[in-house]
Amino acid sequence: MAINISIIGAGGWGTALAHTLAGKGHRVMLWAYEKEVAEDIESRRENRTFLPGIQLAEGIKATNNLGESVNGAAFVVLAMPSHTAHSMYTQMLPHLDSKMVFVSATKGMDTGQLMRMSEVFRGVVGTKFEPRFCALSGPSFAREVAAGSPTALVVASEDAETARLVQHTFSSSTLRLYASRDVIGVELGGAVKNVIAIAAGVVEGLGLGHNPAAALITRGLAEMTRLATACGARPETLAGLAGLGDLVLTCTGDLSRNRQVGIELARGRQLEEIVNSMRMVAEGVKTTVATVALSAKYGVEMPVARQVNRLLRGEVSAREAIRELMERSLKEE
């Protein structure tokens with residue numbers, strides 16, 4: 001049965017989800033911040049800015065009008081960058097109602113408030129009604145999803161029925177969703193893995209080989225798990241798609257923007273130059289600040305994240321950050 005789905009954010013990820021859902025037969029309204037992106041999709045059936053080379057499904061209608069984009073939607077997918085989320089939620093609020101199901105596909109945190117996307121969303125929308133909210137995450141490069149590569153994700157909601165509803169509505173022959181009730185674990189896994197991916201890029205950029213890359217992924221997972229469980233998540237969530245799965249992909253895949261930031265930092269480029277040269281957002285840059293602050297709040301030791309933060313702030317070089325990690329006091333695993 002065709003369902004009306006609104007996707008807020010026509011970056012690579014939002015566009016890929018729109019293409020996949022429309023390919024299943026749903027009616028998708030895709031909101032783009034840039035008017036020219038919406039016009040490009042409408043006229044050429046292609047998002048040449050954020051997902052070039054993919055001929056988009058006919059079931060997608062693109063718009064730059066926020067009210068139009070959510071009018072009559074049964075599901076609203078939130079696919080904007082994390083630093084714009086609070087503002088976007090506020091602008092959307094007059095157009096939202098309690099019948100809608102909201103699916104957050106943003107992998108980041110609110111740096112200023114140290115809040116996950118679900119907390120930010122409820123803080124805004126909860127003033128009007130209690131929203132049915134899900135977090136969607138897992139190992140997924142937008143281009144591969146749009147190309148029809150088999151992909152497995154996890155959708156988490158405190159309400160099991162809501163998670164199952166999204167699971168059955170979104171799953172297809174190329175997209176398989178697993179349901180969870182651990183919103184905290186899914187959100188923090190999707191956010192903090194980007195921080196570790198910057199460190200993995202540093203290892204790659206310095207040409208240090210496979211040994212440190214494997215160690216970094218393993219110790220990075222330990223850090224992610226410590227923080228998430230301190231915040232109330234279940235440890236098994238971090239061993240699943242939203243944790244280990246997404247971490248491995250983002251730390252090793254050539255399409256990872258966060259990994260690319262680390263590679264360029266290791267090669268000596270300045271952070272501002274790197275970020276300004278990227279068309280899409282590398283969420284890990286801002287998430288690192290929130291991660292380190294959150295770890296301090298909960299008293300969680302996160303040496304890799306701390307060194308990434310020092311590197312991004314220009315306090316250490318890439319090689320100094322690696323050396324300091326290796327020379328820390330010895331511990332049991």
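Within segment 24-53, residues that are closer than 18 Å to Phe75 by Cβ and at pLDDT 95 or above sit with their Cβ atoms under 6 Å from residues that are part of a strand (DSSP E or B) and of a type in the set (Lys, Arg), at 6+ positions apart or across chains, in these pairs: Met29/Lys61. Just one of (1) part of a loop (DSSP other than H, G, I, E, B); (2) crowded, with 21+ Cβ neighbours inside 10 Å; (3) of a type in the set (A, V, I, L, M, F, W, C) fails for Val28. It is (1). The criterion of being surrounded by 14 or more Cβ atoms within 10 Å (Cβ to Cβ), in contact with a strand residue (DSSP E or B) (Cβ under 6 Å, 6 or more places away or on another chain), within 20 Å of Leu21 (Cβ to Cβ) and among the aromatic types (Phe, Trp, Tyr) holds for Phe75.
So if I check each of Ala222, Ala228, Ala213, Ala296, which one is in contact with a Cys (Cβ under 9 Å, 6 or more places away or on another chain), part of a helix (DSSP H, G or I) and free of Cβ contacts under 8 Å to residues at least 60 places away in the same chain? I'd like the intermediate steps shown before the answer.
Details: Ala222 fails: in contact with a Cys (Cβ under 9 Å, 6 or more places away or on another chain); Ala228 fails: in contact with a Cys (Cβ under 9 Å, 6 or more places away or on another chain); Ala296 fails: in contact with a Cys (Cβ under 9 Å, 6 or more places away or on another chain).
Every option except Ala213 fails the conditions.
Are any of the residues in segment 316-330 assigned to a loop (DSSP other than H, G, I, E, B), under 24 Å from Met109 (Cβ atoms), under 25 Å from the mean Cα position of the chain (by Cα) and not assigned by TED's automatic domain parsing to the domain that holds Gly9? Looking through segment 316-330, none of the residues is assigned to a loop (DSSP other than H, G, I, E, B), under 24 Å from Met109 (Cβ atoms), under 25 Å from the mean Cα position of the chain (by Cα) and not assigned by TED's automatic domain parsing to the domain that holds Gly9. Total residues in segment 235-288 satisfying the condition of being over 17 Å from Ala213 (Cβ atoms), touching a Gly at 6+ places or on another chain (Cβ under 6 Å) and surrounded by fewer than 22 Cβ atoms within 10 Å (Cβ to Cβ): the figure is 1. Report, by residue number, each residue of segment 1-25 that is of a type outside the set (A, V, I, L, M, F, W, C), in a helix (DSSP H, G or I) and more than 16 Å from the chain's Cα centre (by Cα). Those that are of a type outside the set (A, V, I, L, M, F, W, C), in a helix (DSSP H, G or I) and more than 16 Å from the chain's Cα centre (by Cα): His19, Thr20, Gly23.
The values are calculated or read from the model by the stated rules, or taken from the named source; none is laboratory data. As the structure is a prediction and not an experimental result, all values here were calculated from the model. Backbone-built Cβ (ideal geometry, glycine too); neighbour counts: all protein chains shown.
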